[in-house]
Structure formats: structure tokens, C-alpha cells
Amino acid sequence: MQKIMLTGATGLLGRTLYKTLVKDFEVVGTGFNRATPPLYQLDLGNQQAVIDFLEQHQPDALIHAAAERKPDVCENEPEQTIALNVAASEFLAKQCAQRDIALIFISTDYVFDGKTPPYLESAQANPLNLYGQSKQRAEQAVLAHSTRHSIIRVPVLYGDVSELAESAVSVIATQISATQTTAHDNWAVRYPTHVEDIAFTLRDLLKRPENLGGIFHISDNQAMSKYDMACIMADILGYPQSLLEPLDEPSQSAARPHDCALADSRLKQLGIAHGREFKEALKSILLTA
Ligand SMILES: NC(=O)c1ccc[n+]([C@@H]2O[C@H](COP(=O)([O-])OP(=O)(O)OC[C@H]3O[C@@H](n4cnc5c(N)ncnc54)[C@H](OP(=O)(O)O)[C@@H]3O)[C@@H](O)[C@H]2O)c1
């Protein structure tokens, strides 16, 4: 059985990756502040601890999902962002290449500028904010270390959350109201993708490891703005949609791309496709939260 190491196993994506992959693989999951058994605590900023962990566990593949992924936090904390998103990723890429471990680096649609969608895996990256720039730099370092290393670009994620505010999608449910008018971005086009569909896709790729290497895009295909998502949530929660106001100009502090639609041509070639209807999936999240 393949042994898979997973960083970021305490995070939004990592928790579902862990739960899904343990059914088919031996999984060694690591987190940082939130790590409790069976997950291990591993500070990716501590290079000796990383080396010792790899020596001890000797995985066949490593999914690297740990990152600082909030664009506004990245702008305000550039040093910590570069240390985790770039330096730690580059170090893992080098250590994995030396040990013949296939690294799978989770990246983002924010490496693109959003001006010319849809983006193929081979499209030129041009990130608009520090978060996207840090992920692009890490992508380049990962690919430079081994042709067996892979980049997995994903769009905005939702799924099982520890609190609704954990995901940039479900947080919208905490911002709308049954009685007061609230305004929501109607400029940026997003493709919310369920973390379980990312996990199913990675499971399928890991079962055919000969296909790994290079860049993959994983994305659901329902295009919507945060305002559109707010309307769907209002419907689910029984709030009047008339209280929702669309904002037709960009409104967030770190620059965001307009539309980074990811074309998943490599997955299509491999016949791997996982997706779900947004409103139905969201209903079960909002009504059980
Ligand atoms: N969420 C999205 O909408 C989205 C969209 C596009 C791409 N992505 C990418 O998907 C990946 C997963 O994102 P996510 O949403 O699951 O992130 P998340 O929920 O914010 O989780 C971040 C993870 O990184 C870990 N971490 C932070 N500092 C660390 C350190 N010094 N050493 C070791 N681990 C550390 C955290 O551990 P503790 O919590 O235990 O400290 C946590 O497990 C990231 O690469 C992100 O860039 C996410």
C-alpha cells in the first residue's frame, strides 16, 4: 500500500483529504497548532524537524496542502507568508526529490491575473497579489526540483467547516441577514469547488501514479460571484433576496483577479471528473453548521 504524507491535515482541505485518502492509502497527516493524534505536529519552518520526519516515515508521495491562503493576511504579513508558502515548499521539494518522493503541491487559481479565462495548465501565470505571487514562486521551485513533482491548482474551496467563517464561501452565510441590507461583491467570478471533489480527484491520481508530474487543474464549473452565492444562501436560509445588494466594482483590499476559470484538460484526458451541484451541497453544510 502506498504511504502518503499530508501537510495541512488540520486545515479546510487537509481534513477532508485525510478522511478520504485513509480509505485507500496509509496516510501520515501533519498539522501545526491544531494537530492532535492521529495527526502529528510538524512545524514546516523547522528544516531539521522536516528532515527527521521524512527519514522516520519514508512516504512514497507527499501532498503539501499547508499554506497561508488568505490574501489580505499575506499582504499584511509578507515575511511569514514567504517563509511558509515559498521557502518551506521549496525545501520540501528539494528533500522529496533527493528521496524519490513524489511531491504534490496544492496551488491556486490566483496565480493568474483573471483577464483571459479560461486558463489551460500551460497558460502564463501573472499573479496580482502577494498570495498568488508566493504560490507562483513555490510552483516554479517545485517543478524545478523533479519532473515527478506535481502542481494542483484549485479555485475557492468549501466543504465541511469547523465554523462557517473558515471558508470564503460559507462565511457569506454569516454576513447576510433576515432583516438588514448587506452588500456583496458581484465583480469577481468564482468557481466554488467542494473539498471532497478535490480529495476524490487526488485519490484517483494517486492510484495511477505514473500520470503524476507537471501541472493539473481541478475545478467545478458553476460560475458565480459572491453576490450570486449570497442569493443562494438567502434562499436556503429563508431570508429575503431583496435585502442583498450587488457591488459591481472590486471591493477587497488585496487585488483580486476577475475570472480565473481553470480548464482541467489533463484530468479530462485521464477521464477523472468529480463535481456536485452547489446549492444542494451548500444546503447540507448550512443546515448542519
Ligand atoms: N481555501 C481555499 O479557498 C483555497 C483556494 C485555493 C487554493 N487553496 C490552497 O489549498 C491549500 C489548503 O488550503 P486550506 O484552505 O485547507 O488552508 P487552511 O484551512 O488555512 O489550513 C492551513 C494549514 O496549514 C497549516 N500550517 C500553517 N502554518 C504551518 C506551519 N508553520 N507548519 C506546518 N503547518 C502549518 C495549518 O496547521 P494548523 O491549523 O494546525 O496550525 C493548517 O493545517 C493551500 O495550499 C491553499 O493555498 C485554498
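Yes/no per residue for (1) within 30 Å of D60 (Cβ to Cβ); (2) under 20 Å from the mean Cα position of the chain (by Cα):
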| position | (1), (2) |
| --- | --- |
| T179 | no, no |
| T182 | no, no |
| D197 | yes, yes |
| L202 | yes, yes |
| A223 | no, yes |
| D235 | no, no |
| A261 | no, yes |
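Which of the following residues is under 17 Å from I104 (Cβ atoms), surrounded by fewer than 18 Cβ atoms within 10 Å (Cβ to Cβ) and of a type in the set (S, T, Y): T182, T147, T193, T201?
On inspection, the qualifying residue turns out to be T147.
Return yes or no: is G214 open to solvent by less than 10 Å² (accessible area, probe 1.4 Å) and not β-branched (V, I, T)? Here the answer is no, as G214 does not meet what is asked.
Residues considered: A65, A35, A61. Of these, the only one that is within 23 Å of H149 (Cβ to Cβ), surrounded by 14 or more Cβ atoms within 10 Å (Cβ to Cβ) and in contact with a Ser or Thr (Cβ under 7 Å, 6 or more places away or on another chain) is A65. Looking only at the range 128-168, count how many residues are assigned to a strand (DSSP E or B), farther than 19 Å from S225 by Cβ, within 12 Å of the ligand (Cβ to nearest atom) and not hydrophobic (A, V, I, L, M, F, W, C). Of the residues in the range 128-168, 1 are assigned to a strand (DSSP E or B), farther than 19 Å from S225 by Cβ, within 12 Å of the ligand (Cβ to nearest atom) and not hydrophobic (A, V, I, L, M, F, W, C).
Considering (1) loosely packed, with under 13 Cβ neighbours inside 10 Å; (2) under 15 Å from L270 (Cβ atoms); (3) touching a residue at least 60 places away in the same chain (Cβ under 8 Å), the lone condition that D248 does not fulfil carries the number (2).
Report yes if some residue within the range 68-78 is hydrophobic (A, V, I, L, M, F, W, C) and over 21 Å from V111 (Cβ atoms); otherwise report no. No, the range 68-78 contains no residue that is hydrophobic (A, V, I, L, M, F, W, C) and over 21 Å from V111 (Cβ atoms).
Being in a strand (DSSP E or B), modelled with pLDDT of 95 or more and away from the ligand (no atom under 13 Å from the Cβ), is that true of even one residue in the range 3-11?
Checked against the condition, which is being in a strand (DSSP E or B), modelled with pLDDT of 95 or more and away from the ligand (no atom under 13 Å from the Cβ), the range 3-11 yields at least one hit.
On inspection, A125 qualifies as in contact with a helix residue (DSSP H, G or I) (Cβ under 8 Å, 6 or more places away or on another chain), open to solvent by less than 30 Å² (accessible area, probe 1.4 Å) and more than 10 Å from the ligand (Cβ to nearest atom). Among the residues of the range 61-99, those identified as in contact (Cβ under 8 Å) with a residue 40 or more places away in the chain, more than 12 Å from the ligand (Cβ to nearest atom) and charged (D, E, K, R) are D72, E75, E90, K94, R99. Residues that are open to solvent by 50 Å² or more (accessible area, probe 1.4 Å), part of a loop (DSSP other than H, G, I, E, B) and among the hydroxyl-bearing types (S, T, Y): does the range 40-54 have at least one? No, every residue in the range 40-54 fails to be open to solvent by 50 Å² or more (accessible area, probe 1.4 Å), part of a loop (DSSP other than H, G, I, E, B) and among the hydroxyl-bearing types (S, T, Y). Annotation: F216 fulfils all but one of (1) within 25 Å of P257 (Cα to Cα); (2) part of a helix (DSSP H, G or I); the unmet one is (2).
The values are calculated or read from the model by the stated rules, or taken from the named source; none is laboratory data. Not measured: the values here are computed from a predicted model. Quick reminder, even Gly has a Cβ in these numbers, built from the backbone with ideal geometry, and neighbours come from all protein chains shown. For the accessible areas, the whole protein counts, side chains as well, though only heavy atoms, and no ligand, DNA or RNA atoms are used. Shrake-Rupley method; radii C 1.70, N 1.55, O 1.52, S 1.80 Å.
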